[in-house]
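Engineer: Handing you a structure now.
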Amino acid sequence: MADGVRFEGDLAALPTHGFGHRSITWWGIIGFMVVEGMFFALSFAAYFFILDKEQTWPPAPLAPPDLLAGSLLTILILLTEIPNSWIKRAAERYDLATVRKGLVVMSAAVIPLFVLRGFEFASLNVSWTDNAYGSVMWLLLFLHTTHLVTDWGDTLVLTALMFTEHGKEANRFVDTSENALYWRFVWLSWLLIYLLIYWVPRWLP
Amino acid sequence: MTGIARDGEALKGAELEGRLDRTWRPAPGLWGWLTTVDHKDIGRRYIYTAMTFLILGSILSVAMRLQLARPESGLISPARYNQIFTMHGTTMMFLFAVPVMEAAAIYVIPLMMGTRNIAFPRLNAFSYWTYLFGALLLWVGFVLNVGPDAGWFMYTPLSGPQFSPGKRTDIWAQMITFTEVAGLAVAIELTATILKFRAPGMSLNRMPLYAWAILVTSIMIILSLPAVALCSGMLIADRLIGTQFFNPFEHGDPLLWQHLFWFFAHPEVYIIFLPATGFVSQIVETFTGRPVIAYPAMVLAVVATGFLSFGVWVHHMFATGLPRLGYDFYTAATMAVAIPASIQIFCWIATMWLGKPRYATPFLYVIAFIVTFVIGGLSGVMVASVPLDLQFHDTYFVVAHFHYVLVGGAVFPLLGALTYWFPKFSGRMLSEGLGKLAFWLIFLGFNIAFFPMHITGMLGMPRRVYTYPANMGWDGLNMLSSIGVGVIVLGGLVFLANVALTLRRPRDAAPNPWNAASLEWAAASPPPPYNFPHVPVVRSATPLWEQGPLPVMTGLRVDDRELLITTAIDARPDIRYPSPEGTIWPLLSAIALAALFIGSIFTPWAVVIGLAPLGVAFLAWFWPKGSPTAEPVIE
Ligand code: HEM
Ligand SMILES: [Cu+2]
């Protein structure tokens, strides 16, 4: 800026954080959600591509996956939205005590999901090596499990962080709110996968 | 809020710059080199690395042209030739072209937006290291004679467990995973930077066309790279743990590979081409002394190209047998891509016509781009028609076509852009004499090398053959192509010599040596670590061509890294935001990730075991250091 500058306005009074689309964290999370959403969408496309080549779905003589574990998981994961919304709202009014409690609840609530997920793998009634149908079923369940794992990791770290002095910083409340947003993506995407794994094989002849 | 140092009337000039420098400068020495998160350091490094792969890829192409210069030549064995063309294509597409386009944007975009660093700067450092390790995996594999050999698009079943035993294909597939992680990270950073870090007043309709091109490219990367990451993941699973995605005997389908791969790889061509159009728009503006005409049409053309490029991937599969309507649809869609491309070309030509062109080296590359790209576009419209494609498929006609669009459409603008921004990167102007010499050698050599391939192709010479019999009528043309490559190599050497000689001179470039209009030219050449002492304000699409001193805003913190976030559409100031310090953890995370990916080639358990160190590294990366800052904690 060799030729000099002209001052016109000062930024000192601006805030140092904002929620939702005002925050950079939100843009990053949205970016990752779109990336992962594409992974899911393309896996769904692969599912239907393989389905299209089969006479029956699941290919005879295989039986569709057993419903119990997956359905329980679906109910439970929908229920987690209660503490999740609670945390998100608390974060947006900087209510540290509630955020702390909520995060502990969330960290614990995910554990039974892992147990059920284990049973889900066992109730697919097909191995990934059997045929393309088996491969794609395992792919869908595996992809979703990686999301459970990463989000659980995030939540644990965030929980620990909120119990330190860093928890008082405004931008940590933004992080908490965006972490809750990501969890919504995790369970919303599960609803679609649940349909593809458990119900499409039952609805198709 | 007193006691916090901020720029303003009371703190400006040398005093301000010294303090900002202390805040933003990376640590000294090797440690600083490993820990820096400055977008200029990472961008420069990314550019150097990608250009190194351009050189390596070119060396492979020279080897191929030596072999093909004469019929029945025995220089290179058939198996080695397969590896060489696979490595050439893979290196050029995955290690050079896409990374270099992102690399240039990492350097230029934050400056052009008038901000101090890229969004998510640590992710940016992580991305570079991940890319580097993926690239090394591929090349170390090649040197150890486990380089891939099934072509750059790795078609199954050839690349499957049955026909490609050994590790060659696995190395290729994991290299893909590395580069896709790296590429996606940069795309997210650039999107956030362009939408949220713009200087106050730079509403979307005042944004330079290059930024538009990068915005659309980044969104395309976000939407398309998952496809190749997914299918290479499926391929490696088929090969290593016995899934059946592509195995027709267990109801898989090799065409699934082709769909997923081209769903990525057709947009990839535009991911390479659109940033190049952005270079061209900036260079045309600067060297004609007027904004590119019909700005809204240019922006719409870029957006339309992005959209259309997702609807045409099947044109790579005309030879696989499609429903009749499929042929018609994909031919029409493919030809439609020519419309926005033509709009852009007409706008550039009209701008040159109305302006006063200065024929400096960057501008020459733009003219070469237009000529070459139009030829490549025309042969593209030819192969978009199914009857012609069925004739030309897998011949040298196609090799000629895609080099006209890739080299003409991307490498020429890139060389122009590197020359154009070289003073910004390094503080020195490249020599115009050597620059023009290199330009003419490269441009003429390119046409001598590749124009004849249209004819060799029409005469029936297939691609991917390690040799050919004499007297097919191909001998002279092949010799001519090889001579042309020799001329390109000379040109490349002159280009490199120019860079090397220039870097030995003292820094003397002014901030705005070409009299350009966009904000990066308001920063010093090269810019200091904090880019701008005050936040620049934008009043028009060509801020540096406005009369009077540059308007700026004050009030960002000086003793802590802080930058300005503005609203996405109008760029009104919204938030002062902390920007992270340098750290070693992105590098260590990338090392942990590399161990996991490379280990997974040998045992699937590496994925499980490798998660622990990766988790630790990520934890250390994200955990805040020191005590909370002096700002009010909860406002
Ligand atoms: C230095 C200039 C270059 C020369 C002389 C050159 C030469 C060649 C030749 C002779 C082939 C055909 C090999 C065969 O089918 O047997 C080839 C293939 C290819 N080239 Fe280039 N090339 C150059 C630059 C580039 C650039 C800059 C790119 C991309 C940005 C590129 C991308 C490719 C691809 C994707 C293939 C197909 C590889 C395959 O069949 O798997 N080339 N090149
Ligand atoms: Cu294409």
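The values are calculated or read from the model by the stated rules, or taken from the named source; none is laboratory data. Every value quoted in this text rests on a predicted model; they were computed, and no experiment measured them. In this analysis, Cβ positions are derived from the backbone assuming ideal geometry, glycine residues included, and neighbour counts consider all displayed protein chains. Calculation scope for accessible area: heavy atoms of the full protein, side chains included, ligands and nucleic acids excluded. Shrake-Rupley method; radii C 1.70, N 1.55, O 1.52, S 1.80 Å.
Engineer: Name the residue that is nearest to the other protein chains (Cβ to nearest Cβ), counting only residues in segment B:32-50 that are touching a residue at least 24 places away in the same chain (Cβ under 8 Å) and surrounded by fewer than 18 Cβ atoms within 10 Å (Cβ to Cβ).
Structural biologist: B:Arg44
Engineer: Is at least one residue of segment B:535-555 away from every other protein chain (no Cβ under 12 Å), under 31 Å from the mean Cα position of the chain (by Cα) and part of a helix (DSSP H, G or I)?
Structural biologist: yes
Engineer: Return yes or no: is B:Ser481 in contact (Cβ under 8 Å) with a residue 12 or more places away in the chain and either away from ligand 1 (no atom under 16 Å from the Cβ) or within 14 Å of chain A (Cβ to nearest Cβ) (or both)? If you could, list the steps in order and put the result at the bottom.
Structural biologist: Working: in contact (Cβ under 8 Å) with a residue 12 or more places away in the chain: yes; either away from ligand 1 (no atom under 16 Å from the Cβ) or within 14 Å of chain A (Cβ to nearest Cβ) (or both): no.
No; evaluated as a whole, the condition is false for this residue.
Engineer: Moving on to the next point. Just name the residue that is modelled with the highest pLDDT out of those in segment B:303-321 that are within 11 Å of ligand 2 (Cβ to nearest atom) and small (Gly, Ala, Ser).
Structural biologist: B:Ser309
Engineer: Output the residues belonging to segment B:314-331 that are more than 16 Å from ligand 1 (Cβ to nearest atom) and surrounded by fewer than 12 Cβ atoms within 10 Å (Cβ to Cβ).
Structural biologist: B:Thr320, B:Gly321, B:Pro323, B:Arg324, B:Leu325
Engineer: Continuing with this model, one more query. Among the candidates B:Ala265, B:Ala227, single out the residue that is under 13 Å from B:Glu180 (Cβ atoms), more than 8 Å from every other protein chain (Cβ to nearest Cβ), within 16 Å of ligand 2 (Cβ to nearest atom) and touching a Phe, Trp or Tyr at 6+ places or on another chain (Cβ under 9 Å).
Structural biologist: B:Ala265
Engineer: Would you be able to say whether some residue in segment A:73-85 is in contact (Cβ under 8 Å) with a residue 12 or more places away in the chain, touching a Ser or Thr at 6+ places or on another chain (Cβ under 7 Å) and part of a helix (DSSP H, G or I)?
Structural biologist: Taking every residue of segment A:73-85 in turn, none turns out to be in contact (Cβ under 8 Å) with a residue 12 or more places away in the chain, touching a Ser or Thr at 6+ places or on another chain (Cβ under 7 Å) and part of a helix (DSSP H, G or I).
Engineer: Sort out which residues of segment B:456-466 are crowded, with 17+ Cβ neighbours inside 10 Å and more than 10 Å from ligand 1 (Cβ to nearest atom), and write them in order of number.
Structural biologist: B:Thr456, B:Gly457, listed by residue number.
Engineer: Mind listing whichever residues of segment B:181-205 are open to solvent by 10 Å² or more (accessible area, probe 1.4 Å) and either part of a helix (DSSP H, G or I) or among the hydroxyl-bearing types (Ser, Thr, Tyr) (or both)?
Structural biologist: Correct list: B:Val181, B:Leu184, B:Thr191, B:Leu195, B:Ser203, B:Leu204, B:Asn205.
Engineer: Further, regarding this structure: Within segment B:356-405, take every residue that is outside any helix (DSSP H, G or I) and not hydrophobic (A, V, I, L, M, F, W, C) and give me the one that is surrounded by the fewest Cβ atoms within 10 Å (Cβ to Cβ).
Structural biologist: Out of the qualifying residues, it is B:Lys356.
Engineer: Could you check B:Glu285 against (1) within 14 Å of another protein chain (Cβ to nearest Cβ); (2) modelled with pLDDT of 95 or more; (3) open to solvent by 10 Å² or more (accessible area, probe 1.4 Å); (4) away from ligand 2 (no atom under 13 Å from the Cβ) and say which number it fails?
Structural biologist: Failed condition: (1).
Engineer: Moving to a separate point now. Could you please find all residues in segment B:206-224 being more than 8 Å from chain A (Cβ to nearest Cβ) and open to solvent by 10 Å² or more (accessible area, probe 1.4 Å)?
Structural biologist: B:Arg206, B:Pro208, B:Leu209, B:Trp212, B:Leu215, B:Val216, B:Ile219
Engineer: Name the single residue that is farthest from B:Trp212 (Cα to Cα) among those in segment B:511-554 being of a type in the set (D, E, K, R) and open to solvent by 20 Å² or more (accessible area, probe 1.4 Å).
Structural biologist: B:Glu546
Engineer: What are the residues in segment B:127-148 that are free of Cβ contacts under 8 Å to residues at least 40 places away in the same chain, open to solvent by 10 Å² or more (accessible area, probe 1.4 Å) and more than 22 Å from the chain's Cα centre (by Cα), if any?
Structural biologist: Selection gives B:Val140, B:Val143, B:Leu144, B:Asn145, B:Val146.
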